[in-house]
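For reference, the structure is listed below as structure tokens.
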């Protein structure tokens, strides 16, 4: 960026960075049945410390660190996906959850678990990808997105109907296949409780591609906001932008669902917050939304562990509690 | 001809009830069922304590939800409105969950708490609608948003108080599992009182469908009528929820089905929609039980799988964007 950022943008960025770092530190150490300190991370960095509690070090390395990293990355994924969906549909209500992407991914994973169509042979993220793609296309088609004048409310209502259908199918598949209700209830609500390094390894390649694509497209999103005709006149190949953005959104969401289940409303809340704070320039908005999303989900995960300590609350329940009042406000305000 | 529809629905309902009493994990032929009904015997428990009350409850719950949906749609004049999409069911569910978890001693007040919760949700929607004056489709969206918020509160309460997961799951999706004769008087008496009240509102609802000005000039008071009808709708939906949890889409589907069968006159629409709702829940519960016995699905899952595509169909046909 050629021009330097104004103070009213820099200040929120600084606060945001501080919030994220604090969240990461707290998430690593707080709410543990054992005493944990940040210094327990030192062996990972190559420092040889003979002193120190090996149990704490183990906990830190095997449980806390991957969980915190996964939370941050999923938060970033969902927020960036939300920004892109809203930019593509020019619909302030659009978000990965409300378009049924998360529900589709979860449904496909549940169907695969129940042994349908031999889907279980596919790797988990791929199942989520197929489900998310399918349901997103269904919602877009039913919601009239491909028509001349798409109606924002219709798109969202279609998304909600498809989500209800998929959620019903998911529950049916789970109940009829196996008696694992409790863990599945947690997973369906979106939980980070079972994340380890394997989740992280499943997550980061997809996220890297998705976030990279989003960053590369950020300039095109700015032009797209001027309207299709103007964007076309400025030399943007709209169809390619749409397709690539759709690929990025689905990669980001599906990877998240495969790692932690469907986590709702991050993709709705964070983009709106960021637009307020940092303006409409997508070149700035996308990286900052990633940071905000990461901070938001890390703190939400922290809250989800603390609220009924030592029991775990699925983080998706917390994000839904924080996000739905905001959704009510957006839905009721009739500015179309 | 119109009356024959009523008889037809009653026949279908009877058939569905007979099937639910005979089919299940243990198949009992009708003769055996009859014997158990008359003199008890070896099948007494299955028939009299398990299947019969459940079949009756399905009918009562469905009738309450169907009627509630008709009243809501009649008053708001919005084809996308229904007690569960307007958050009423979720409000009632939240209040009932809170009572079960925090005041287990006051469990006798459960129906009252559910009604209060349903009313609270309805008032919230009403306040939002007054504030923002949304178009019909957006009002439906607002209701869904409120419903999502209340549902996430229910989830939250259930998950931080993991007392009994089975109960929790029932509240999450609506189920008729494990119900007995205890709940039947409540709903039966409620319906017996409320259906005549709804019938008394029927002609005024018809007048109101002509528009507010015509209604006033014909001697109906639209505001008072709206309040009475919505109050009835909230009570009906809340009682159903407090017995069976939130069974989604019945309140949307049944009135549409009824209108398709017998047109828009509420005198006929009210009983027909109650019967359609009863038939829907009864059939859905039958499917939920016999799909893969002895495992069974919550009936709310089956109604969602039937109802969500219909909601999509409504959206595709809806012209008032």
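With a cut-off of at least 3 residues that are touching a residue at least 12 places away in the same chain (Cβ under 8 Å) and over 23 Å from residue B:194 (Cα atoms), name the helices (runs of 4 or more DSSP H) lying wholly within segment B:1-87.
Result: B:2-22, B:30-39.
For segment B:293-321, which residues satisfy the criterion of being within 21 Å of residue B:26 (Cβ to Cβ), under 23 Å from the mean Cα position of the chain (by Cα) and surrounded by fewer than 16 Cβ atoms within 10 Å (Cβ to Cβ)?
none
It is to be established whether one or more residues within segment A:150-157 are at pLDDT below 75 and either at the interface with chain B (Cβ under 10 Å from one of its Cβ atoms) or surrounded by fewer than 18 Cβ atoms within 10 Å (Cβ to Cβ) (or both).
Yes: one or more hits.
Report, ordered by the first and then the second residue, all pairs with beta carbons closer than 6 Å, sequence separation of six or more or different chains, a first member in segment A:125-137 that is without any contact (Cβ under 8 Å) to a residue 24 or more places away in the chain, and a second member that is part of a helix (DSSP H, G or I).
A:130/A:108
Residue A:222: surrounded by fewer than 20 Cβ atoms within 10 Å (Cβ to Cβ) and within 22 Å of residue A:327 (Cβ to Cβ), yes or no?
no
Among the residues of segment A:301-336, write down those that are under 19 Å from residue A:98 (Cβ atoms), free of Cβ contacts under 8 Å to residues at least 40 places away in the same chain, more than 7 Å from chain B (Cβ to nearest Cβ) and not in a loop (DSSP other than H, G, I, E, B).
Within segment A:301-336, A:318, A:329 qualify.
So that you can scan it fast, the table gives a plain yes or no per residue for (1) more than 14 Å from chain A (Cβ to nearest Cβ); (2) under 22 Å from residue B:17 (Cβ atoms); (3) touching a residue at least 12 places away in the same chain (Cβ under 8 Å); (4) in contact with a helix residue (DSSP H, G or I) (Cβ under 9 Å, 6 or more places away or on another chain):
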{"site": "B:266", "(1), (2), (3), (4)": "yes, no, yes, yes"}
{"site": "B:269", "(1), (2), (3), (4)": "yes, no, yes, yes"}
{"site": "B:276", "(1), (2), (3), (4)": "yes, yes, yes, yes"}
{"site": "B:282", "(1), (2), (3), (4)": "yes, yes, yes, yes"}
{"site": "B:288", "(1), (2), (3), (4)": "no, yes, yes, yes"}
{"site": "B:298", "(1), (2), (3), (4)": "no, yes, yes, yes"}
{"site": "B:303", "(1), (2), (3), (4)": "no, yes, yes, yes"}
{"site": "B:306", "(1), (2), (3), (4)": "no, yes, yes, yes"}
{"site": "B:310", "(1), (2), (3), (4)": "no, no, yes, yes"}
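Which residues, taken from segment A:187-221, are assigned to a helix (DSSP H, G or I) and more than 17 Å from the chain's Cα centre (by Cα)?
A:197, A:198, A:216, A:217, A:218, A:219, A:220, A:221
Could you check segment A:1-89 for helices (runs of 4 or more DSSP H) lying wholly inside it with 1 or more residues that are in contact with a helix residue (DSSP H, G or I) (Cβ under 9 Å, 6 or more places away or on another chain) and either at pLDDT below 75 or exposed (fewer than 15 other Cβ atoms within 10 Å of the Cβ) (or both)?
Helices (runs of 4 or more DSSP H) meeting the threshold: A:7-29, A:54-59.
Which of the residues that make up segment B:179-193 are under 17 Å from residue B:232 (Cβ atoms) and either within 14 Å of the chain's Cα centre (by Cα) or without any contact (Cβ under 8 Å) to a residue 40 or more places away in the chain (or both)?
B:187, B:188, B:189, B:190, B:191, B:192, B:193
Quick one: would you say residue B:189 is surrounded by fewer than 15 Cβ atoms within 10 Å (Cβ to Cβ) and either touching a strand residue (DSSP E or B) at 6+ places or on another chain (Cβ under 8 Å) or at pLDDT below 75 (or both)?
Here the answer is no, as residue B:189 does not meet what is asked.
Got at least one residue in segment A:264-277 being touching a helix residue (DSSP H, G or I) at 6+ places or on another chain (Cβ under 9 Å), within 18 Å of residue B:151 (Cα to Cα) and at pLDDT below 85?
yes
Residue by residue through segment B:194-213, note down the ones that are under 20 Å from the mean Cα position of the chain (by Cα) and free of Cβ contacts under 8 Å to residues at least 12 places away in the same chain.
Matches in segment B:194-213: B:196 only.
When segment A:94-137 is examined, which residues are found to be in a loop (DSSP other than H, G, I, E, B) and over 16 Å from the mean Cα position of the chain (by Cα)?
A:114, A:115, A:122, A:123
Of the conditions (1) more than 14 Å from every other protein chain (Cβ to nearest Cβ); (2) modelled with pLDDT under 90, residue B:85 fails just one. Which one is it?
(1)
The values are calculated or read from the model by the stated rules, or taken from the named source; none is laboratory data. All values reported here derive from a predicted model rather than from experimental measurement. When we count neighbours, we look across all protein chains shown, and the Cβ atoms used for this are built from the backbone with ideal geometry, even at glycine.
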